[in-house]
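Report on the structure given below.
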């Protein structure tokens, strides 16, 4: 079935809205309107959603990074594949999108389901991933079975900004119930934790202390410390699951610090709004550099 490529009268962001075709599927994406001569950063959305809710954070980073925000096949305004996609398929689609754009390597920023997709991308294409940012990783044992995940999503819904519903509800309705069951089954079978602890690149994990889809920060700290790894875990106080949407100032500030290996400090432009707390730094994660040196 074809997709409607018409451009809305009111674009959702300052990023340019574009289309391409990958493996016969129409793919909608957003890109820095005037791509800077800078490293590529691609933002990957969560379960059932499009890239639209990632825009508040992606826009803030688009001056510093050549930014892409695609709707993966089967999501948002992009077309659907003949068969339901699973995590490896979505990682392959992300790689093929970069191929199509002529990008050899990039930093990937994911939220929720986007995090397992990044982990699979790293597993299949380690040479193409410079750094990883995993915001509110989801799909593990803590989100099983489906009825538990539905309850967690319901609790999260009342903790997110009310304007999030205007973005999420149309996306969920478009994604559909059959796709939800198929993809949830694929997510529960994916070894996210094993893949995370196997990463050999600097990796930032961002969690919110009000996120019902995540274990407690103490449990996250315990799991992250199981092996000597490259993982940095930072908690955003007051945030729930969709941090890319609800706390874009703090998250974009944190990502800039991570990319520059600078110490984790609160966003000076949002004093007192949401405190950043480093809760784990892997033995092999790059040490902080003094920005004054």
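Determine whether the stretch 19-32 contains at least one residue that is crowded, with 16+ Cβ neighbours inside 10 Å, in contact (Cβ under 8 Å) with a residue 60 or more places away in the chain, under 22 Å from residue 164 (Cα atoms) and out of contact with any strand residue (DSSP E or B) (no Cβ under 7 Å at 6 or more places or on another chain). No, the stretch 19-32 contains no residue that is crowded, with 16+ Cβ neighbours inside 10 Å, in contact (Cβ under 8 Å) with a residue 60 or more places away in the chain, under 22 Å from residue 164 (Cα atoms) and out of contact with any strand residue (DSSP E or B) (no Cβ under 7 Å at 6 or more places or on another chain). For the structure I just gave you, tell me whether residue 138 is part of a helix (DSSP H, G or I) and closer than 20 Å to residue 50 by Cα. Taking the combined requirement at face value, the residue does not satisfy it. Filtering the stretch 235-250 to residues that are farther than 24 Å from residue 154 by Cβ and buried (at least 23 other Cβ atoms within 10 Å of the Cβ) leaves only 250. Residue count for the stretch 231-279 under the criterion of being out of contact with any strand residue (DSSP E or B) (no Cβ under 7 Å at 6 or more places or on another chain), in a helix (DSSP H, G or I) and under 14 Å from residue 211 (Cβ atoms): the result is 2. Residue check: residue 77 meets all listed conditions (1) over 23 Å from residue 203 (Cβ atoms); (2) crowded, with 16+ Cβ neighbours inside 10 Å; (3) at pLDDT below 95 but one, namely (3). Condition (residue is farther than 18 Å from residue 220 by Cβ, within 13 Å of the chain's Cα centre (by Cα), part of a helix (DSSP H, G or I) and without any contact (Cβ under 8 Å) to a residue 60 or more places away in the chain) applied to the stretch 109-118: is it met by at least one residue? Looking for residues that are farther than 18 Å from residue 220 by Cβ, within 13 Å of the chain's Cα centre (by Cα), part of a helix (DSSP H, G or I) and without any contact (Cβ under 8 Å) to a residue 60 or more places away in the chain, one finds none in the stretch 109-118, hence no.
The lone criterion from (1) assigned to a loop (DSSP other than H, G, I, E, B); (2) at pLDDT 95 or above; (3) in contact with a strand residue (DSSP E or B) (Cβ under 6 Å, 6 or more places away or on another chain) left unmet by residue 58 is number (1).
Taking the numbered list (1) assigned to a helix (DSSP H, G or I); (2) more than 28 Å from residue 268 (Cα to Cα) in turn, residue 200 passes all entries but (1).
Of all residue pairs spaced 6 or more apart or on separate chains, those with beta-carbon atoms under 8 Å, a first member in the stretch 254-267 that is on the phi > 0 side of the Ramachandran plot and a second member that is assigned to a loop (DSSP other than H, G, I, E, B) are 261/202; 261/286; 261/287; 261/288; 261/289.
Looking only at the stretch 166-189, decide whether some residue is outside any helix (DSSP H, G or I), under 29 Å from residue 79 (Cβ atoms), more than 17 Å from the chain's Cα centre (by Cα) and modelled with pLDDT under 90. Checked against the condition, which is being outside any helix (DSSP H, G or I), under 29 Å from residue 79 (Cβ atoms), more than 17 Å from the chain's Cα centre (by Cα) and modelled with pLDDT under 90, the stretch 166-189 yields at least one hit. From the list 114, 176, 139, the lone residue that is surrounded by 19 or more Cβ atoms within 10 Å (Cβ to Cβ) and out of contact with any strand residue (DSSP E or B) (no Cβ under 6 Å at 6 or more places or on another chain) is 139. The residue that is surrounded by the most Cβ atoms within 10 Å (Cβ to Cβ), counting only those in the stretch 38-49 that are touching a strand residue (DSSP E or B) at 6+ places or on another chain (Cβ under 8 Å) and part of a loop (DSSP other than H, G, I, E, B), is 46.
The values are calculated or read from the model by the stated rules, or taken from the named source; none is laboratory data. Here the structure is a predicted model, which is why all the values come from computation and not from measurement. No Cβ is skipped: glycine too gets one built from the backbone with ideal geometry, and neighbour counts run over all protein chains shown.
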